[in-house]
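Rule-based calculations on the coordinates, nothing more; no lab input. Please read these numbers as outputs of a predicted model, since none were measured by experiment. Cβ sites come from the backbone with ideal geometry, for glycine too, and all protein chains shown count toward neighbours.
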Amino acid sequence: MDRTEPRLITSVERGVATVVITNPAKRNAMTTAMWRSLPELLERLAADPEVRVLVLTGVGDTFCAGADISTLRENAGTAQGLAVEAEEALAAFPRPTLAAVRGYCVGGGGQLAAACDLRFAEEGASFGVTPAKLGIVYPASSTRRLVALVGPGTAKHLLFSGELIDTERALRTGLVDE
């Protein structure tokens, strides 16, 4: 496999499964293939009796810049459906899940982080719900999850504005836990 090929890298060590979003050339944007592979990967990890907790993070200085726009143009409906399936699989994971966020966590990256039980962000991280800037409607399940985390007023602001917020504000609104 080409080392630069976008992929999800998984490791299990001392009960901690780590899934690393790896597409550094595009700020860890998720390709259609990555969205497609995540539910199966999570199913395998859920079946592993050694796994007690799952950590989702991104390689380098970015968590996930959302969906790879170049793959969205191929078939936006399919890509969004795969993203929702991946998000739901993460939310249904039978053990605690946490998102370890550095740098950008926007669009589909925010969907993935919100699907985790806990979200931890480094100082300097940026969060945003950016699909509206692309003319894309945020999925209903993702919207419900966002409202549950931050409340309807903040969710509307994030959804309608596409504004990026910093770690401090994300913590104040309930988008991140620490």
Open item on the list: I need the full set of residues from segment 126-137 which are in contact with an Asp or Glu (Cβ under 7 Å, 6 or more places away or on another chain) and not polar (S, T, N, Q), in order please.
Closed with: GLY128
TODO: Just give me the residues in segment 105-125 being among the small types (Gly, Ala, Ser) and either surrounded by fewer than 18 Cβ atoms within 10 Å (Cβ to Cβ) or in contact with an Asp or Glu (Cβ under 6 Å, 6 or more places away or on another chain) (or both), in sequence order.
DONE: ALA115, GLY124
- [ ] Scan segment 131-138 and give yes if some residue there is touching a residue at least 40 places away in the same chain (Cβ under 8 Å), out of contact with any Gly (no Cβ under 7 Å at 6 or more places or on another chain) and at negative phi, otherwise no.
- [x] yes
Open item on the list: Just the residues that are surrounded by 14 or more Cβ atoms within 10 Å (Cβ to Cβ), of a type outside the set (D, E, K, R) and out of contact with any Leu (no Cβ under 7 Å at 6 or more places or on another chain), please, taken from segment 23-43.
Closed with: ASN23, PRO24, ASN28, ALA29, MET30, THR31, ALA33, PRO39
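Rundown of residues vs (1) more than 18 Å from LEU112 (Cα to Cα); (2) surrounded by 15 or more Cβ atoms within 10 Å (Cβ to Cβ); (3) in contact with a helix residue (DSSP H, G or I) (Cβ under 6 Å, 6 or more places away or on another chain), yes/no style:
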site: ALA140; (1), (2), (3): no, no, no
site: LEU158; (1), (2), (3): no, yes, no
site: GLY162; (1), (2), (3): no, yes, yes
site: LEU171; (1), (2), (3): no, yes, no
site: GLY174; (1), (2), (3): no, no, yes
- [ ] For ARG102, state whether it is touching a residue at least 24 places away in the same chain (Cβ under 8 Å), closer than 30 Å to VAL12 by Cα and in contact with an Asp or Glu (Cβ under 6 Å, 6 or more places away or on another chain).
- [x] yes
